[in-house]
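K.L.:
This is the structure I want to talk about, given as structure tokens.
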């Protein structure tokens, strides 16, 4: 039985294991599993409606939408991505739309858990981010 302990730092959190993973959580496996399109999980209430498509060549296409229906884009960003020490490192190359990200902006998120269809990330500010693999956005209940 695991007891959930509040995460105080990235260093403490990197020691946590995920009991349901059958594949070792190493950089190579993370890279392989990331390839494809990820959207906000319905349980992630803080997630801006978006789709992130990770390509095998290390490029990323990110589209942020106005609503959970993912019909009206407000941002389209291209970036480079890589995995190092269980962290996904994304560097913005180009961003267009009403919400912009500066070229060169770098984000780093720790992979807490990943499978063929689900992804849990620990963001730079300590927030948990939940994603599911899908070509279509997953609507929040009631929408």
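The values are calculated or read from the model by the stated rules, or taken from the named source; none is laboratory data. What you are looking at is a predicted structure, and each value in this text was computed from that prediction instead of being measured. Neighbour counts run over all protein chains shown; Cβ positions are idealised from the backbone, glycine included.
K.L.:
Of all residues being part of a loop (DSSP other than H, G, I, E, B) and within 19 Å of residue 108 (Cα to Cα) in the stretch 36-60, which is modelled with the lowest pLDDT? Just the residue, please. Break it down into steps so the answer makes sense when it comes.
P.N.:
First, the residues of the stretch 36-60 that are part of a loop (DSSP other than H, G, I, E, B): 41-49, 55-58.
In the following step, the residues that additionally are within 19 Å of residue 108 (Cα to Cα) were identified as 44, 46-48, 55-58.
Working: 44: 91, 46: 88, 47: 91, 48: 91, 55: 98, 56: 97, 57: 98, 58: 98.
Ranking the qualifying residues of the stretch 36-60, first place goes to 46.
K.L.:
Could you list all residues from the stretch 78-91 that are part of a strand (DSSP E or B) and more than 13 Å from residue 54 (Cα to Cα)? So that I can check it myself, show each step before the final result.
P.N.:
Quick first cut of the stretch 78-91, residues part of a strand (DSSP E or B) only: 78-84, 87-91.
Residues satisfying the conditions are 84, 87.
K.L.:
Looking at 10, 33, which is the one that is over 21 Å from residue 132 (Cβ atoms), under 18 Å from the mean Cα position of the chain (by Cα) and either at pLDDT below 95 or surrounded by 15 or more Cβ atoms within 10 Å (Cβ to Cβ) (or both)? Full working, then the answer.
P.N.:
Details: 33 fails: over 21 Å from residue 132 (Cβ atoms).
Only one candidate passes the filter, namely 10.
K.L.:
Continuing with this model, one more query. Please specify each residue of the stretch 76-109 satisfying the condition of being closer than 17 Å to residue 40 by Cα and surrounded by 18 or more Cβ atoms within 10 Å (Cβ to Cβ).
P.N.:
Hits for the stretch 76-109 are 77, 88, 109.
K.L.:
Also: So, residue 116, is that one within 17 Å of residue 25 (Cα to Cα) and in a loop (DSSP other than H, G, I, E, B) or not? Walk me through how you get there before you give the answer.
P.N.:
Numbers: within 17 Å of residue 25 (Cα to Cα): yes; in a loop (DSSP other than H, G, I, E, B): yes.
The answer is yes for residue 116.
K.L.:
Against the definition (in contact with a helix residue (DSSP H, G or I) (Cβ under 7 Å, 6 or more places away or on another chain) and in contact (Cβ under 8 Å) with a residue 60 or more places away in the chain), how does residue 69 come out, yes or no? Outline the logic, then answer.
P.N.:
On the way: in contact with a helix residue (DSSP H, G or I) (Cβ under 7 Å, 6 or more places away or on another chain): no; in contact (Cβ under 8 Å) with a residue 60 or more places away in the chain: yes.
In short, no.
K.L.:
Let me ask something else about it. Of the residues 138, 108, which is farther than 18 Å from residue 53 by Cβ, out of contact with any helix residue (DSSP H, G or I) (no Cβ under 7 Å at 6 or more places or on another chain) and either part of a loop (DSSP other than H, G, I, E, B) or modelled with pLDDT of 95 or more (or both)?
P.N.:
On the way: 138 fails: farther than 18 Å from residue 53 by Cβ.
So the residue among 138, 108 that is farther than 18 Å from residue 53 by Cβ, out of contact with any helix residue (DSSP H, G or I) (no Cβ under 7 Å at 6 or more places or on another chain) and either part of a loop (DSSP other than H, G, I, E, B) or modelled with pLDDT of 95 or more (or both) is 108.
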